[in-house]
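First up is the structure itself, then whatever we jot down about it.
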Amino acid sequence: PLVLGIESTCDETGFALVRGRELLVDVTASSMDEHARFGGIVPEVASRAHLEAFVPTLTEALARAGLELGDVDAVAVASGPGLVGSLTVGTAGAKALAVALGVPLYGVNHVVGHAAVDELVDGPFPERLLALVVSGGHSSLLLVNDIATDVVELGQTLDDAAGEAFDKVGRLLGLPYPGGPHVDRLAREGDPDAIPFPRGLSKGRELQRHPYDFSFSGLKTAVARYLEAHEDSGEPYSRADVAASFSEAVADVLVTKTLRAARLHEVGTVVIGGGFSANSRLRELAAERFAEAGIELRIPPIRYCTDNGAMIAALGSALVRAGVAPSPLDLAVDSQMPLSLTSVPASV
Ligand code: ATP
Ligand code: MG
Ligand code: FE
């Protein structure tokens, strides 16, 4: 069956067509540039951009694949988690398409989609794996028993997501928005061991209570204090060392906790997804430590790690394969959709 995937949870409007595990086309429009001057995403602006991009992006995807709407056998849309206004535009459009075409509709989980997309690149998933989904909005560790039906959230961030923490530190360092890639670049020139920044939830009782949760706001505060103290005293410091030591702390916590979970759950494969997987120190450290531990590491190319339609079509296709019942046509968006819900269940 040919599955149309629609992504509109945040600031990307994405359409993709997947047959089985084969990606036929993937087209993404982004309103990112419109938000840059505000230093963050403006929900109203994002919703309007989805509305404007919906039909042109869909039309372009079909044209590039040489297919017609009538060829589509199922529609999958990310119905959560995300921004309510953005979700509403994509989900309304998906419903209209499903009704007009007379095909089933699947409301799917955006974060689970970030893991599912890897099947299109690296082939079928093994029986069990861990997925670390890290982006501007999420830092979650998932135990994937079956990508279509059985995903367990082991942990998540209690405050800032990894990308969000990088963006905030970017601002502290006077770098342009979004700061993540700039901090990453600056970090390459610094010493990762120069400053012992804290590793949140990594010791003692905190670790026991939150074995797989993340917390990056204390780390961000530590960076702010370090910079303030040095500005006040006039003592010289290296911005590159700050960026490198901060990056090291984030990557270390993410990789260490994922590795612990892999050992405990006896998992031989880890997938990393989400836009923060572009981070060079995370990639290096994960490659190094997982190789040592004999664990297979799968990271899709970066265009499939940022928000896109392929991840939604991939999960939709997995649901169809697993014979999961479609979602109801009056499906509601869920900005807080729990990660244990891979898709919105059929109404009874
Ligand atoms: P979500 O996917 O949760 O809706 P989003 O759209 O903000 O959120 P992505 O586009 O997946 O997330 O990822 C962007 C985030 O990743 C931003 O916070 C950005 O600064 C960060 N980021 C991107 N590249 C890097 C990098 N090389 N190093 C550090 N952070 C990065
Ligand atoms: Mg985005
Ligand atoms: Fe995302």
Matching entry among Ser335, Ser317, Ser277 (being surrounded by 24 or more Cβ atoms within 10 Å (Cβ to Cβ), away from ligand 3 (no atom under 13 Å from the Cβ) and either within 13 Å of Val117 (Cα to Cα) or among the polar types (S, T, N, Q) (or both)) = Ser317
With respect to Val121, determine if the residue is modelled with pLDDT of 95 or more, among the aliphatic types (A, V, I, L, M) and more than 12 Å from ligand 1 (Cβ to nearest atom).
-> yes
Among the residues of the stretch 112-119, is there at least one that is over 25 Å from Tyr304 (Cα atoms) and touching a His at 6+ places or on another chain (Cβ under 9 Å)?
-> no
Which one of these is in contact with a strand residue (DSSP E or B) (Cβ under 9 Å, 6 or more places away or on another chain), free of Cβ contacts under 8 Å to residues at least 60 places away in the same chain, surrounded by fewer than 19 Cβ atoms within 10 Å (Cβ to Cβ) and not hydroxyl-bearing (Ser, Thr, Tyr): Ala322, Ala293, Ala287, Ala346?
-> Ala287
Just to be sure, is Ala131 within 16 Å of ligand 3 (Cβ to nearest atom), surrounded by 23 or more Cβ atoms within 10 Å (Cβ to Cβ) and at pLDDT 95 or above?
-> yes
Which of the following residues is touching a residue at least 24 places away in the same chain (Cβ under 8 Å) and within 16 Å of ligand 3 (Cβ to nearest atom): Gly39, Gly20, Gly14?
-> Gly14
Filtering the stretch 10-49 down to residues that are under 11 Å from Gly309 (Cβ atoms) and within 13 Å of ligand 1 (Cβ to nearest atom), which residue is nearest to the chain's Cα centre (by Cα)?
-> Glu12
The stretch 55-86, residues that are under 21 Å from Ala325 (Cβ atoms) and crowded, with 17+ Cβ neighbours inside 10 Å | Val72, Ala74, Val75, Ala76, Val77, Ala78, Ser79, Gly80
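How about the stretch 296-314: which of its residues are over 29 Å from Asp252 (Cβ atoms) and either surrounded by fewer than 22 Cβ atoms within 10 Å (Cβ to Cβ) or not β-branched (Val, Ile, Thr) (or both)? Show your work before the answer.
Of all residues in the stretch 296-314, those over 29 Å from Asp252 (Cβ atoms) come to 309-310, 312-314.
Those that are over 29 Å from Asp252 (Cβ atoms) and either surrounded by fewer than 22 Cβ atoms within 10 Å (Cβ to Cβ) or not β-branched (Val, Ile, Thr) (or both): Gly309, Ala310, Ala313, Ala314.
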What are the residue pairs meeting all of these: first residue in the stretch 180-197, first residue loosely packed, with under 13 Cβ neighbours inside 10 Å and at pLDDT 95 or above, second residue among the small types (Gly, Ala, Ser) and outside any helix (DSSP H, G or I), Cβ atoms under 9 Å, and 6 or more apart or on different chains?
-> Glu189/Ser238
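Considering only residues that are of a type in the set (Val, Ile, Thr) and more than 15 Å from ligand 1 (Cβ to nearest atom), which ones fall in the stretch 173-198?
Across the stretch 173-198, the qualifying residue is only Ile195.
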Considering only the stretch 25-42, state which residues are in a helix (DSSP H, G or I) and either surrounded by 15 or more Cβ atoms within 10 Å (Cβ to Cβ) or among the polar types (S, T, N, Q) (or both).
-> Met32, Glu34, His35
Pro326 meets each of (1) outside any loop (DSSP other than H, G, I, E, B); (2) more than 17 Å from the chain's Cα centre (by Cα); (3) under 20 Å from Leu17 (Cβ atoms) with one exception, condition (1)
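Here is a yes/no grid of residues against (1) touching a residue at least 60 places away in the same chain (Cβ under 8 Å); (2) of a type outside the set (A, V, I, L, M); (3) over 29 Å from Ala131 (Cα atoms):
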residue: Glu34; (1), (2), (3): no, yes, yes
residue: Leu51; (1), (2), (3): no, no, yes
residue: Phe54; (1), (2), (3): no, yes, yes
residue: Asp73; (1), (2), (3): yes, yes, no
residue: Pro81; (1), (2), (3): yes, yes, no
residue: Gly102; (1), (2), (3): no, yes, yes
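The values are calculated or read from the model by the stated rules, or taken from the named source; none is laboratory data. As the structure is a computational prediction, the values presented were derived from the model and not from experiment. Every residue, glycine as well, gets a Cβ built from its backbone with ideal geometry; the counts of neighbours run over all protein chains shown.
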